[in-house]
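What follows draws every value from the coordinates through simple rules; no lab data is involved. As the structure is a prediction and not an experimental result, all values here were calculated from the model. As a convention, Cβ positions derive from the backbone with ideal geometry for all residues, glycine included, and neighbour counts pool all protein chains shown.
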Amino acid sequence: MKEYGYKVLINGQLSTNKYRYPNEKREVICSTTLIQGHGMNIIVDPGWRDEPLLDKMREEQISPESIDLIYVTHMHADHIRSIRLFPNAKWLGYGKEIDNWRDKISDADRDILEQLQPVAGEIYEDITIIETPGHTLEHTSVLFHSGGKRILVAADAVLVKEYYEHREVHVISEDKELAKQSIDLAKQIADIIIPGHDEPFEAF
């Protein structure tokens, strides 16, 4: 089993979080994760805020040209639009999710959908695609090992820590019962969870 290093480049946030800031509206920010090792630089969910991502990469001394693979967990705009910053990388998406969005994707994002290469099973060696449906019908998460721990880039299968704790899902989820089952799965398979719109936390 190959192990990898990782760094959360952007910690996400929801527009509103009834447990943390119930009376505020904030900018929606997606968590963006860099996975490194075995000669590969991989980004999961580049998000849609170009300048903060570029600033963070400069801080970490990582150039956009050095990114080999980008994987998007699902096709919501806040998770995918900054993929355009990485024209030299291979753009990957889950084949079933790509197909699910062919008739639904906005014109603004159709170029991304059409350039994604469909994958299943693994993004790269021992970096596994996990089906976590519900938020979208073919939503996926990404599981890998780091420091002897199982790291799950859950994306919107787990929105924030409080929603995980309360088994709560996003109001726009395409299938809310499936989404709750995906939270249950995350609890079973992960030691550390990187949620779609929050800081990483230890699974409990």
Item checked: Residue ID - surrounded by the fewest Cβ atoms within 10 Å (Cβ to Cβ), chosen from residues in segment 83-103 that are in contact (Cβ under 8 Å) with a residue 40 or more places away in the chain and either under 19 Å from V153 (Cα atoms) or in contact with a Cys (Cβ under 9 Å, 6 or more places away or on another chain) (or both) -> K96
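Condition check ((1) more than 18 Å from E138 (Cβ to Cβ); (2) not in a helix (DSSP H, G or I); (3) not charged (D, E, K, R)) across all residues:
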| site | (1), (2), (3) |
| --- | --- |
| A157 | no, yes, yes |
| Y163 | yes, no, yes |
| R167 | yes, yes, no |
| H170 | no, yes, yes |
| S173 | no, yes, yes |
| E177 | no, no, no |
| S182 | no, no, yes |
| Q188 | yes, no, yes |
| H197 | yes, yes, yes |
Check: How about segment 22-55: which of its residues are under 17 Å from the mean Cα position of the chain (by Cα) and assigned to a helix (DSSP H, G or I)?
Finding: D50, P52, L53
Next item on the list: Could you pull out the residue among T128, T132 that is in contact (Cβ under 8 Å) with a residue 40 or more places away in the chain and touching a Leu at 6+ places or on another chain (Cβ under 7 Å)?
Entry: T132
Next item on the list: Test L116 against the stated conditions and say whether it is aliphatic (A, V, I, L, M), over 15 Å from D78 (Cβ atoms), touching a helix residue (DSSP H, G or I) at 6+ places or on another chain (Cβ under 6 Å) and crowded, with 20+ Cβ neighbours inside 10 Å.
Entry: yes
Margin query: Out of everything in segment 112-155 that is among the hydrophobic types (A, V, I, L, M, F, W, C) and in a loop (DSSP other than H, G, I, E, B), what residue ends up being farthest from V28 (Cα to Cα)?
Written below: A120
Item checked: Conditions (1) touching a residue at least 40 places away in the same chain (Cβ under 8 Å); (2) closer than 19 Å to P200 by Cα: number failed by H76 -> (2)
Note to self: For segment 56-79, give me the residue count where each residue is among the aliphatic types (A, V, I, L, M) and assigned to a helix (DSSP H, G or I).
What the structure shows: 2
Next item on the list: Identify, from the list D55, D50, the residue that is among the acidic types (D, E) and either buried (at least 17 other Cβ atoms within 10 Å of the Cβ) or in contact (Cβ under 8 Å) with a residue 12 or more places away in the chain (or both).
Entry: D50
